[in-house]
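So the structure is just underneath, and the comments pick up after that.
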Amino acid sequence: MSADAAAWEALRLSLWVSVWATLLAVPLALWVAWILARRDFRGKALLSAVVHLPLVLPPIVTGYLLLIAFGRTAPLGRALESIGITLAFHWSGAVLAAVVMGFPLMVRAMRLAIEAVNPKLEEAAATLGAPRWSVFGRVTLPLIAPGILAGAVMGFAKAMGEFGATITFVANIPGQTQTLPSAIWSALQIPGAEERAVGMVLMACAVAMSAVLASEALARRVAARITGA
Amino acid sequence: MSLDVDITHGFGDFTLRVAFEATSGITAIFGRSGAGKTTVINAVAGLLKPDAGRIVVDGTTLFDATTFLPPAARRLGYVFQEARLFPHLSVRDNLEFGARYAPADAVGPEFGDVTELLGLNGLLDRHPAKLSGGEMQRVALGRALLSKPRMLLMDEPLASLDGPRKQDILPYLERLRDGPLGLPILYVSHSVEEVARLADTLVLLKDGAVARAGPTMQVMADPAAVPLLGVRDAGAVIEAEVVAHAADGLTCLKISAGVLHLPGVQAEIGTKVRLRVLAQDVMVSTKHPEGLSAQNILPATIEAIQKGGGPGAAVSLRAGQDLLLARITARAVTELDLKVGKPCFAILKATSVAPISIGR
């Protein structure tokens, strides 16, 4: 395998960006999934549509919209920059792009899990004197844990593979914003560099496989705990 | 202990308007499906907020125009029709979930007492998915008891169990009623048999209103309650004491009006049992019958007569201190000239009387 330093650097950055994106997105996705599953309010359909938009928009459009909103000259970008957060053309921007792109997948998995929980179990917990947060922590959360896990793995995998929105929003600067997919794309642009690309493709495959296998194993353990099998 | 309920709640074109009081022992709310039983018990538990009214337990207002205590603050143990055990927790952890939120100063049974009483010691490490229906309900009952509630609410806890499983649970409920815990229970049921066996006080609901309420033995012997309980299920409940077991298999039981000889009574001599005498199994005679195969003949006076819409009539009879209920034809009432206060004889076939409960 001819994975050179730049390829390893791209892999490191992709893992770094994906871990951050997953950690940031899980709580937010859980909250949104909860609202969509359990609450009724005006604008629920709109919220659902906005959350799912990145799934159907061309990624380049999502990236461009992020650039318009969070670019250095955009009001939101300037506001963030004044408190020391730079997003455009920075690895943290890649995190944001990964969060936005993976969000619909996470919300969907978690929402299904929440909807599968029988609210009667939560009622039973309340009649036993459990305060609301304890009901969530001791009954709901353990029951939806497999769904959260599934959502997190999908979000992570999406973040590892994110390309269009990322390259549009933060470009393709080696060592700074060049993620593994961007690096593969660059390698494919250079005649005769296919060998480099193949090495990185193998890396991407290995990461994706490990993530899926790890999540399957974890899900089995969680499911076994839930059903006592 | 006292529970005072007076609530109004409307859904669509159905309005529930229910007021009753419950004291110690088991208070049963009986009614057909749709009568509003579950609405009442859910309102008491705080799982449903009635439109208006009040619910007071032992001087603590759970609900009125300005108060709505959430379920977690009511301290009422609830045993649901489906056990609602937490599927991710073992039996032990389910039980400990109940104990976890009991106030430190609350009185009530401890873990060992409950597992002993309900026979759960062999199940503690199992998961709910590996339990039978009857075992699940016992765990659910234990979990509710360990929350050291002021009162236990039970919504058809036996309805999802088959006959033998029911018989597994009933003795535990009786132990709970008669044991040192003395926990008051509000018990929703559509089974006359369960109500007759368990309840001290009976509230009959019909179309969202209380049709009859009072001590079980009084309500069960009320001729006007026959249509509410169902013609086939109606029948008085009386108390008897086991006096002797004869060699031929019959047991001699003492009741206030005399003695009865019944087969199939397992209870020890000296114990008190409840007998359920179905109204359709009681005959009325104005003279002491001769040459009759029925062995149990009690002198009685007619307490009340209620003619139904059809050919039937319900007659309540006072025998000693007890009330019996007989279901006869309206024609017989006329031909025998039965009137309130008239002396007569109640004839019970020995095999038609079921001893339904031990204890009390």
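Annotations
- Springs between Cα atoms under 10 Å define the GNM used for chain B, and in it the highest mean-square fluctuation of B:Tyr101, B:Tyr78, B:Tyr172 occurs at B:Tyr101.
- Using the Cβ-Cβ distance between B:Lys206 and B:Val340 with R0 = 22 Å, the FRET efficiency computed as 1/(1 + (r/R0)^6) comes to roughly 0.30.
- Where labels lie 7 Å past Cα in the beta-carbon direction, separation of A:Ala193 and B:Glu241 in nm: 10.3
- Cβ-Cβ distance of A:Glu81 and A:Leu23, R₀ of 22 Å, FRET efficiency by 1/(1 + (r/R0)^6): the value works out to about 0.45.
- Where GluC sites (Glu not before Pro) in DSSP loops with at most 10 other Cβ within 10 Å are excluded, longest remaining stretch of chain B: B:1-267
- Counting charges near B:Leu325 (Lys, Arg +1; Asp, Glu -1) among other residues having Cβ under 12 Å from its Cβ returns a value of -2.
- Sum of side-chain charges, B:Thr15 neighbourhood, beta-carbon under 10 Å (Lys, Arg +1; Asp, Glu -1): -2
- Cα gyration tensor shape of segment B:221-301, rounded if a/c is under 1.5, else prolate or oblate by comparing a/b with b/c: oblate
- For B:Lys349, a cut-off of 16 angstrom between C-alpha atoms picks up these aspartates and glutamates, skipping any fewer than 8 places away in its own chain: B:Asp281, B:Glu290.
- Using θ = phi - 60° and Karplus 6.51 cos²θ - 1.76 cosθ + 1.60, couplings along segment B:313-325 (whole Hz; Gly, Pro as x): 8, 10, 10, 9, 10, 9, 10, x, 8, 8, 10, 10, 10
- Averaged over the residues of peptide B:139-145, the number of Cβ atoms from other protein chains lying within 10 Å of each residue's Cβ is 1.
- Links that overshoot a 22 Å alpha carbon limit, given the list B:Lys307/B:Lys339; A:Lys120/B:Lys37; B:Lys272/B:Lys339; B:Lys254/B:Lys339: B:Lys272/B:Lys339; B:Lys254/B:Lys339
- In chain A, the longest principal axis of the Cα atoms and the axis of helix A:44-56 are about 30 degrees apart.
- Ranked by the mean number of other Cβ atoms within 10 Å of their residues, highest first, the peptides A:56-64, B:324-332 fall in the order B:324-332, A:56-64.
- Cα centroid separation, segment A:167-229 to segment B:54-124 (Å): 49
- Pairs of alpha carbons in chain A whose separation is greater than 23 Å (percent): 55
- Simple spin-label estimate for A:Trp133 and B:Ala19 gives 4.3 nm between the two label positions (7 Å along the Cα-to-Cβ direction from each Cα).
- Cα-projected label distance for B:Arg32 with A:Asp40, points at 7 Å along beta-carbon direction, nm: 3.0
- Under 12 Å, Cβ to Cβ, from B:Ile55 - net charge with Lys/Arg +1 and Asp/Glu -1: -2
- Sites B:Lys130 and A:Leu53, calculated FRET efficiency, Cβ-Cβ separation with R0 51 Å, nearest 0.05: 0.70
- Ranked B:Phe63, A:Phe41, criterion: other C-beta atoms within 10 Å, fewest first: A:Phe41, B:Phe63
- Paramagnetic label zone (point 7 Å from Cα along Cα-to-C-beta, B:Ser191; backbone N under 13 Å) in segment B:157-179: B:157-174
- Comparing B:Gly310, B:Gly320, B:Gly108 in a Gaussian network model of chain B (Cα springs below 10 Å), the most mobile by mean-square fluctuation is B:Gly310.
- Residues in segment B:29-42 carry Karplus couplings, in order, of 9, 10, x, 6, 5, x, 6, x, 4, 5, 4, 5, 5, 5 Hz; the curve used is 6.51 cos²θ - 1.76 cosθ + 1.60 with θ = phi - 60°, and Gly or Pro positions show x.
Throughout, read-outs are computed from the coordinates displayed, never taken from laboratory work. Because the structure is predicted, anything quoted here is derived from the model rather than measured. So basically every Cβ, Gly included, is an ideal-geometry build from the backbone, and we count neighbours across all protein chains shown.
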